[in-house]
Structures are given as structure tokens and as C-alpha cells.
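The values are calculated or read from the model by the stated rules, or taken from the named source; none is laboratory data. Keep in mind that what you see is a predicted model, and the values were worked out from it rather than measured. Because the Cβ atoms are built from the backbone with ideal geometry, glycine has one as well, and the counts that use them run over all protein chains shown. Protein only, heavy atoms only, side chains kept; ligands, DNA and RNA dropped before computing areas. Shrake-Rupley method; radii C 1.70, N 1.55, O 1.52, S 1.80 Å.
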Amino acid sequence: MTDIAIRRALPDDAEVLTNIAIAAKGHWGYPERWMQIWKPELTFNAEYFEVNESWAASIKDQLVGFYTLLEKDGDAWLENLWVLPAQMGRGIGKALLGHALRLAQARGYHILRLESDPNAVGFYEKMGAHPVGERRSEVEGQPRLLPIMELKL
């Protein structure tokens, strides 16, 4: 098992964490035009990490992933769980999700929800999440269904 440290994401981490998010999304082989369309959503500034509770994973002081924990409609929501592609499969996503689950449970939430990239559904199902809905989306006229998933705490 890789020695993974998890700490609060800092405003100064914004550029590195943006690069991780873009690389992770690109890992799924989406067309470059789609990546350009999504780039603003995958770009984080220092203010994002000042106002949103985000946690970063590192290995040997190198940032390798992060997530954001939010509250929406009385439930905990996981947003922006991203892992550097070169580090995928080493337990980082599992460690970050486990961290989020423990935080949410300690705060009294009973459910953690998330909107998954279709390519990440298998990971979340393996971690115990199940689909509870979907959000319809479209990119350049191509319809997409984004699964809404939840984990009971």
C-alpha cells in the first residue's frame, strides 16, 4: 500500500490541483474539443479552495489527488474527486473517498451523494455507491447521462 497523506487543500495548491483534474478527465479519452469545453469547470483558483472544503492527497509530498465536500439539501455531496492518472489504481481514490465518508459521518450526515463521470461508475460501485438518479447533459449536441450515486453512512 502506498503511503498516502491527506490534508486540507490550500489556495496555493490551485494550479497543481487544476492540472490533476484536467489530466484525470483527459485520461478517459474524451475528444480534445470536449476537454476544451470542460476546461473552465476543471480550472480551480485560489478562492475556490478558500471557500470550499477540499482535501488533497499526497505521496512523498507530491500532490496526487483531491476532493471537495459540500452540503446540498441537507446531504453531504462529494465533488471533484480527481486522481493523477499515473497514480490511479494505487488506492488514492479509495483513500480520498474513505476520508470523505468518515468526515461526512462524523458531521452527522446519513448519505453522501455524488455525480459521477460515466467512466468512474465502476469505481464508485466497488466502493459501495449505488445509482439513485441521473442528470442529463449535452456536449456539442451529444447527449450524456451523468449518474447520481449515493453511499449510506
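Somewhere in the stretch 100-120, is a residue without any contact (Cβ under 8 Å) to a residue 12 or more places away in the chain and acidic (Asp, Glu)? No, every residue in the stretch 100-120 fails to be without any contact (Cβ under 8 Å) to a residue 12 or more places away in the chain and acidic (Asp, Glu). If you go through the stretch 1-43 and pick out every residue that is more than 24 Å from ASP61 (Cβ to Cβ) and touching a Leu at 6+ places or on another chain (Cβ under 8 Å), you end up with 1.
Considering the stretch 46-153, the qualifying strands (runs of 3 or more DSSP E), each wholly inside and each with 2 or more residues that are under 16 Å from the mean Cα position of the chain (by Cα) and among the small types (Gly, Ala, Ser), run over 54-59. Would you confirm, using the coordinates I've provided, whether ALA9 is more than 12 Å from the chain's Cα centre (by Cα) and farther than 18 Å from LEU101 by Cβ? No: the conditions fail for ALA9. Looking across the stretch 49-85, the residues that are modelled with pLDDT of 95 or more and small (Gly, Ala, Ser) come down to SER54, ALA56, ALA57, SER58, GLY65, ALA76.
In the stretch 54-78, what residues are open to solvent by 50 Å² or more (accessible area, probe 1.4 Å) and among the acidic types (Asp, Glu)? It would help to see each step written out before you state the result.
Filtering the stretch 54-78 for residues open to solvent by 50 Å² or more (accessible area, probe 1.4 Å) gives 60-62, 71-73.
Answer for the stretch 54-78, where residues must be open to solvent by 50 Å² or more (accessible area, probe 1.4 Å) and among the acidic types (Asp, Glu): ASP61, GLU71, ASP73.
Could you count how many residues in the stretch 126-153 are within 29 Å of ARG8 (Cβ to Cβ), open to solvent by 80 Å² or more (accessible area, probe 1.4 Å) and free of Cβ contacts under 8 Å to residues at least 24 places away in the same chain? So the count comes out to 2.
Between GLY89, GLY98, GLY128, GLY93, the distinction of being of a type in the set (Gly, Ala, Ser) and modelled with pLDDT under 95 belongs to GLY89 only.
Every residue, every condition in (1) open to solvent by 60 Å² or more (accessible area, probe 1.4 Å); (2) touching a Ser or Thr at 6+ places or on another chain (Cβ under 9 Å); (3) within 16 Å of ALA24 (Cβ to Cβ), yes or no:
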site: TRP82; (1), (2), (3): no, no, yes
site: ALA95; (1), (2), (3): no, yes, yes
site: GLY98; (1), (2), (3): no, no, no
site: ALA106; (1), (2), (3): yes, no, no
site: TYR109; (1), (2), (3): no, no, no
site: SER116; (1), (2), (3): no, no, yes
site: VAL121; (1), (2), (3): no, no, yes
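Restricting the search to the stretch 1-53, which residues are touching a strand residue (DSSP E or B) at 6+ places or on another chain (Cβ under 8 Å), among the basic types (Lys, Arg) and open to solvent by 30 Å² or more (accessible area, probe 1.4 Å)? ARG7, ARG8 - these are the residues of the stretch 1-53 that are touching a strand residue (DSSP E or B) at 6+ places or on another chain (Cβ under 8 Å), among the basic types (Lys, Arg) and open to solvent by 30 Å² or more (accessible area, probe 1.4 Å).
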